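Below you'll find the structure, written out as structure tokens, and then a few comments.
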Amino acid sequence: MRCATMIAAAPVVAPLRAGPTSLSLAPPPPWTKRTAPKTAVRSPALSSRQPRFLNAEALSAPEPAALEQPEHLWENRSWDWKNGWSINYAVAGEGPPVLLVHGFGASLGQFRKNIPVLAEAGYKVYAVDLLGFGRSSKPKDLQFTMQVWAEQLVDFVKGVVQEENGGDGVVFVGNSLGSLAAIMANSVLPAKAIKGTVLLNCAAGMNNKAVKGDWRIQLAMPLFLLIDFILKSALGRALFENVRQPANIKGALQSIYSTAESVDEELVELFYQPSCEDGAVDVFISVYTGPDGGPSPLDVLPMVQGPLLVLWGEEDKLTPRDGPVGLAFAALPELRPATTFVALPNCGHCLHDDRPDLVHAELLPWLKALQ
């Protein structure tokens with residue numbers, strides 16, 4: 001994963017282009033050859049015409065056991081991608097394939113509480129470290145873009161998931177930047193390769209340059225540009241070295257998690273260890289300062305195939321539910337068939353690790369309805 005300071009400086013999700021009542025889908029983006037969106041077939045079990053907002057007072061607090069880390073029942077493997085890049089991924093369970101995709105700076109280890117649960121529920125779970133993060137290769141001379149990770153997921157689905165599962169369609173489950181990469185991959189894969197997609201607080205760009213229309217981001221833009229300048233200077237590596245320290249990582253994680261117990265030593269280590277690897281600082285600087293932060297989800301949504309489940313953490317400080325992005329996604333069930341939006345209370349930006357009990361309560365029935 002990325003270090004906590006990377007989280008603190010993480011790209012904020014770019015707002016969609018309209019409010020909840022006037023939202024309209026943008027034309028197909030130029031980065032794909034697909035010329036027309038795939039229209040999903042409405043299924044009563046998978047479609048919700050109104051977004052749901054769970055009442056925190058109506059939900060009992062999780063039992064202490066729900067906050068304990070489950071046994072790590074997965075196998076780590078390595079996949080040789082193009083240019084000699086090594087991609088780390090995990091596999092657990094048997095059944096219909098589900099692919100978990102982490103956010104910026106994170107790694108597959110952040111799905112530590114989800115992989116065993118999904119495997120036990122009867123799914124073959126794959127979780128991948130995106131290029132530049134976790135145990136995957138960290139190329140120093142690559143200008144990272146969203147397209148890099150989308151291509152990685154497309155090739156991984158074709159070359160690993162479908163090869164091992166007889167061509168069965170996969171369900172993407174992505175968090176933050178991983179959500180955006182997932183829908184980009186979804187939009188260009190063959191229809192038969194996609195079973196459905198789950199977005200956990202979807203990002204709308206690789207970095208803050210993709211954010212338009214949010215006054216909070218615009219107000220802070222001079223600061224972001226200053227950070228860009230520092231990172232590109234001789235001071236960039238010194239700044240990275242400071243922010244990746246475990247104490248700073250823990251503080252940054254605590255600022256985006258709602259459940260204090262979830263920010264444990266294991267989580268801090270999951271962010272710290274990859275930041276020590278050769279190339280980690282180069283990846284961080286490339287992503288944070290990259291000139292091309294797009295596309296936004298609205299560029300991609302017209303071509304997203306299959307049912308869509310959107311879960312949003314009510315306490316997310318990076319991409320607030322009442323901000324442009326959250327409001328636009330909450331309106332999406334009125335505009336797109338087979339789309340469900342649920343806002344989860346007491347959840348931060350990484351809701352799958354923050355409150356896995358609430359995420360699983362929505363995710364598992366939705367997955368079952370797909371079969």
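The values are calculated or read from the model by the stated rules, or taken from the named source; none is laboratory data. This is a predicted model, so every value here is computed, not measured. Cβ: placed from backbone, ideal geometry, glycine included. Neighbour counts: every protein chain shown. For accessibility, only protein heavy atoms count, side chains too; no ligands or nucleic acids. Shrake-Rupley method; radii C 1.70, N 1.55, O 1.52, S 1.80 Å.
Counting lysine pairs in region 75-370 whose alpha carbons fall under 24 angstrom apart, excluding pairs fewer than 8 residues apart on the same chain, gives 28.
Gain on full extension, evaluated as 0.36 nm per residue between GLN147 and ALA260 minus their Cα-Cα distance, stands at 37.2 nm. Local charge for HIS352 was computed over the other residues whose Cβ lies under 10 Å away, with Lys and Arg +1 and Asp and Glu -1, and equals +1.
The charge dipole of region 75-370, taken about the Cα centre with unit charges on the Cβ atoms of Lys, Arg (+1) and Asp, Glu (-1), comes to about 540 debye, rounded to the nearest 20. Length, then width, then depth: along the principal axes, the Cα atoms of region 75-370 run 51, 42, 37 Å. Expressed as a whole percent, the accessible area of region 75-370 that falls on carbon and sulfur atoms is 54 (1.4 Å probe).
The heavy atoms of LEU335 offer some 80 square angstrom of accessible surface to a 1.4 angstrom probe. Residues TYR126, TYR272, sorted by accessible area with the largest first, give TYR272, TYR126 [1.4 Å probe; ligands and nucleic acids excluded].
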